[in-house]
Amino acid sequence: MADEVTVGFRFYPTEDELVAFYLRNKLDGRSDDSMHSVIPVLDVFEVEPSHLPNVAGERCRGDSEQWFFFVPRQEREARGGRPSRTTGSGYWKATGSPGPVFSKDNRMIGVKKTMVFYTGRAPTGRKTKWKMNEYRAFDETVNVSSIPKLSNEFSLCRVYITTGSSRAFDRRPVGVLQTERMLTSDVAVAETSMNNRVESSPETSFSGGEHVDLSMDTELVDGLTEPIWEWEQLNWP
C-alpha cells in the first residue's frame, strides 16, 4: 500500500478475499504493517460494539458501514473451553448454523458464523442493530480427504450495523454499480451512433468485431452449495 490513502479508496473485499487472502496470510505469518493498517488485531469480544469503529484499521476508520478485525484465539479457548462473547453491556449471540465460504473456483475454503449483539444479560437481552460475521479458514495441513478442520489461531471478523435492506457483501457498493450502469449506457449510445454513421456511408463496410460487456455479474459467491458433511462435525466452539 502507498504511504497515503488513495483518493476514493474504500476497502470492500469479498468473502473469498477475506478468507483466501487476508486470513490465510495472517495464519501463515505473512501479514505486515500495511495489512494491519486495514485489519488490525483485536479481541472484539472485549470491546463494546459502538467503540469498534474508533479502533478499526487507520485506513478504514472513515467507513460508516463495516469494520474488520483479526481476532486471536482466547486463552480459555486454547485450553478447550468455549470463548467468551460477553462485554460490559451485553453479549454476542450466534444466529443459525455456520455457513460455507467458497473460493472463486468453488472450493470450500472456510466457514462463516453470523452473530447479533444484545444488551443486558442472556436470555432476556435486547437485540441491537450491531451484527458480526466471523470467518474461519480450514487448516490446510490436514488431509483434504478427511473431514475439514478449522484453523483456530485467528478468525477474521466483519462488524457492521443492520440497515433493514438486503445485504450481500460479495456485491460491490451501490454507487459502483450505478457508475458502471451509466458507463454501459454511454457505451451503448456511442456504439449506436457509430453504427448509424457507418451504415449511412456507402464507401464503408463493417462486419464482426468484439462487443465488450461492461455489465457485472451480481450473483452471490457463497451459500449456493450444500455442505457434504454435518456442520456439527466441525470443531467450531
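Derivation of every value follows stated rules applied to the coordinates shown; laboratory data play no part. None of these values were measured; they are calculated from a predicted model. Don't worry about glycine lacking a Cβ; one is built from the backbone with ideal geometry, like all the others, and counts go over all protein chains shown.
Label separation (residue 121 vs residue 33): 4.5 nm, computed from points 7 Å beyond Cα along the C-beta direction.
Across the stretch 29-165, the mean sequence separation of Cα contacts (distance under 8 Å, 6 or more residues apart), normalised by length, yields a relative contact order of 21 percent.
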